[in-house]
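Below is one structure, written out as structure tokens; the observations come after it.
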Amino acid sequence: MSLTPQTYWAEHAWIDGRVESDVVIESAPDGRIAAVRTSVEVPPAGSVGLRGLTLPGLANAHSHAFHRALRGTVQADHGAGAAPGRQGQATAGDGQRAPDSFWTWREVMYAVAQNLTPERYFDLARVVYAEMALAGITCVGEFHYVHHQPDGTPYGEPNAMGDALIAAAAEAGIRITLLDTCYLSSGFGAAPAARQLRFSDGDADAWAARASAIKADGEHARVGAAIHSVRAVPAGQLATVVRWADERHAPLHVHLSEQTAENEACLQAHGRTPTQLLADHGALGPRTTAVHATHLTEQDIRLLGGAAATVCMCPTTERDLADGIGPAVQLQDAGSPLSLGSDSHAVIDLLEEARAMELDERLRTGKRGHWTAAQLLRAATEDGHACLGWSDAGRIEPGYLADFTTIALDSIRTAGTPPRLGPETAVFAASNADVRHTVVAGRHVVREGHHQLVQHAPGAMAEAIAAVRTP
Ligand SMILES: [Zn+2]
């Protein structure tokens with residue numbers, strides 16, 4: 001890969017935990033940072049100015065791109081789903097709203113998943129990833145499980161869907177880790193339901209064979225593995241997915257204990273918690289990321305922390321789906337790095353995810369100050385990238401990937417605080433609307449709030465969503 005070297009001049013930049021001013025950042029033809037110099041008061045000739053606070057690019061560690069099609073509408077729709085193992089979910093016969101839950105939301109989500117084709121998914125993901133770039137995100141972890149045609153028949157190109165997502169990220173100018181997801185059953189010992197047929201490869205060996213054929217260049221796209229959940233992969237096949245990731249030194253992600261119903265069903269089927277089940281099958285280690293990890297026992301927390309597994313918190317989704325608040329403080333104290341994801345894309349705003357993790361903890365405990373702004377930014381940058389297999393991103397430092405984003409410090413939301421408190425302003429006051437620039441591999445993808453590669457993004461988003469909401 002050869003890119004045009006570029007010199008940027010950042011008004012302020014967050015480097016190694018400190019706010020520096022008048023910072024020159026040079027990118028090299030390999031897309032990495034060639035040099036960083038601070039206190040350069042006169043911008044070098046030909047440099048591109050970045051007014052505001054420049055941060056390392058944000059890593060969105062957990063995404064299902066197609067869930068973006070549910071935004072807003074799912075707040076009004078009511079599916080007829082019920083929690084696994086529970087019968088007779090109430091329905092609204094008298095004009096009252098039926099009780100809405102994660103499980104009713106999931107029914108609406110499945111209906112959209114049925115309508116995806118590789119072409120429609122490419123169109124939708126391209127604009128969703130453009131929205132991410134506009135929010136300062138330079139790398140996405142796409143937890144991808146819509147592999148096959150609706151009846152489960154593979155496409156002529158078995159990775160047509162995954163290829164579409166990798167191509168979409170390229171068009172939107174951001175990096176992607178395709179977390180190819182093994183999803184085989186609808187519950188403990190249950191075959192996939194009709195709407196889950198397209199997620200399933202049949203067994204873990206067939207999943208591994210297909211996943212092995214995914215083409216990714218390692219520079220723009222990398223590949224990891226995912227276990228959808230302990231509900232979706234039979235215990236006897238977990239080791240196959242773990243081995244696949246081990247052989248490639250690849251990330252291994254898993255949805256874990258988002259709902260108490262999963263814990264109850266796992267205890268019934270296996271006599272142990274989902275975390276314990278994963279541990280017993282070798283699935284917990286430093287390349288593992290547990291997503292949500294909301295309802296855990298003390299022993300679960302010890303297992304995750306002891307394995308140095310990352311925990312990916314998705315607070316805006318967990319809020320939206322009424323999941324609960326996961327024990328992020330205890331997990332971190334036990335040894336788990338933290339990362340952040342926008343998951344269902346109720347909003348795409350990593351700054352909001354970062355502050356939500358802290359603010360949710362304040363509400364629960366009645367205390368403030370669980371994390372500093374710098375610690376929250378680290379989850380959104382360096383630790384987020386690391387859990388996606390990009391330990392060479394997430395810092396503004398020579399040798400690291402030239403991925404960064406600039407937050408305005410002079411908008412109506414952010415004006416008035418001194419630049420040295422830029423990180424606090426970014427995390428606790430700014431939003432995605434304050435993202436002014438995004439640079440990926442030295443390339444200026446978002447300039448003054450405008451995406452340079454995807455034109456008319458809002459209109460394209462509306463069209464792409466209309467297409468996938470139509471059978
Ligand atoms: Zn998820």
Please go through (1) out of contact with any helix residue (DSSP H, G or I) (no Cβ under 6 Å at 6 or more places or on another chain); (2) within 16 Å of the ligand (Cβ to nearest atom); (3) closer than 22 Å to Thr381 by Cα for Gly324 and return the number of the only condition it doesn't satisfy. (3)
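Tell me the residue from Pro251, Pro192, Pro154 that is out of contact with any strand residue (DSSP E or B) (no Cβ under 7 Å at 6 or more places or on another chain) and modelled with pLDDT of 95 or more, please.
Values: Pro251 fails: out of contact with any strand residue (DSSP E or B) (no Cβ under 7 Å at 6 or more places or on another chain); Pro192 fails: modelled with pLDDT of 95 or more.
The unique qualifying residue is Pro154.
Would you point out which residue out of Thr417, Thr316 is more than 16 Å from the ligand (Cβ to nearest atom) and of a type in the set (Val, Ile, Thr)? Show your work before the answer.
Details: Thr316 fails: more than 16 Å from the ligand (Cβ to nearest atom).
None of the other options fit; the residue is Thr417.
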Which numbered condition Ser336 misses (of (1) within 13 Å of the ligand (Cβ to nearest atom); (2) part of a loop (DSSP other than H, G, I, E, B)): (1)
Could you tell me whether Cys266 is of a type outside the set (Ser, Thr, Tyr), within 16 Å of the ligand (Cβ to nearest atom) and in contact with a Ser or Thr (Cβ under 8 Å, 6 or more places away or on another chain)? no
Examine the range 175-194 for a residue that is away from the ligand (no atom under 16 Å from the Cβ), within 30 Å of Arg443 (Cα to Cα) and crowded, with 22+ Cβ neighbours inside 10 Å, and state whether such a residue exists. yes
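Out of all the residues in the range 37-56, which are part of a strand (DSSP E or B) and on the phi > 0 side of the Ramachandran plot?
Gly52
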So Val311 passes all but one of these: (1) out of contact with any His (no Cβ under 6 Å at 6 or more places or on another chain); (2) within 17 Å of Arg378 (Cβ to Cβ); (3) away from the ligand (no atom under 16 Å from the Cβ). Which condition number does it fail? (3)
Flag if Pro274 is over 26 Å from Asp349 (Cβ atoms), within 16 Å of the ligand (Cβ to nearest atom) and in contact with a helix residue (DSSP H, G or I) (Cβ under 6 Å, 6 or more places away or on another chain): yes
Taking the range 274-323 on its own, how many of its residues are touching a Ser or Thr at 6+ places or on another chain (Cβ under 8 Å), on the phi > 0 side of the Ramachandran plot and at pLDDT 95 or above? 3
Quick one: Pro150 ticks every box in (1) over 29 Å from Gly384 (Cβ atoms); (2) assigned to a strand (DSSP E or B) except a single one, so which number is it? (2)
Among residues of the range 195-229 being among the polar types (S, T, N, Q) and closer than 18 Å to Gln114 by Cβ, the residue surrounded by the most Cβ atoms within 10 Å (Cβ to Cβ) is Ser200
Name the residues in the range 288-338 that are of a type in the set (D, E, K, R) and surrounded by fewer than 21 Cβ atoms within 10 Å (Cβ to Cβ), would you? Glu298, Arg302, Arg319, Asp320, Asp323, Asp333
Only residues that are away from the ligand (no atom under 16 Å from the Cβ) and either crowded, with 24+ Cβ neighbours inside 10 Å or not in a helix (DSSP H, G or I) (or both): list them for the range 339-371, please. Asp349, Leu351, Ala354, Met357, Gly366, Lys367, Arg368, Gly369, His370, Trp371
Of all the residues that make up the range 350-371, how many are under 17 Å from Glu424 (Cβ atoms) and in contact (Cβ under 8 Å) with a residue 12 or more places away in the chain? 12
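The values are calculated or read from the model by the stated rules, or taken from the named source; none is laboratory data. The model shown is predicted, which means the values in this text are computed figures rather than measured ones. All Cβ positions, even for glycine, are placed from backbone atoms using ideal geometry, and neighbour counts span all protein chains on display.
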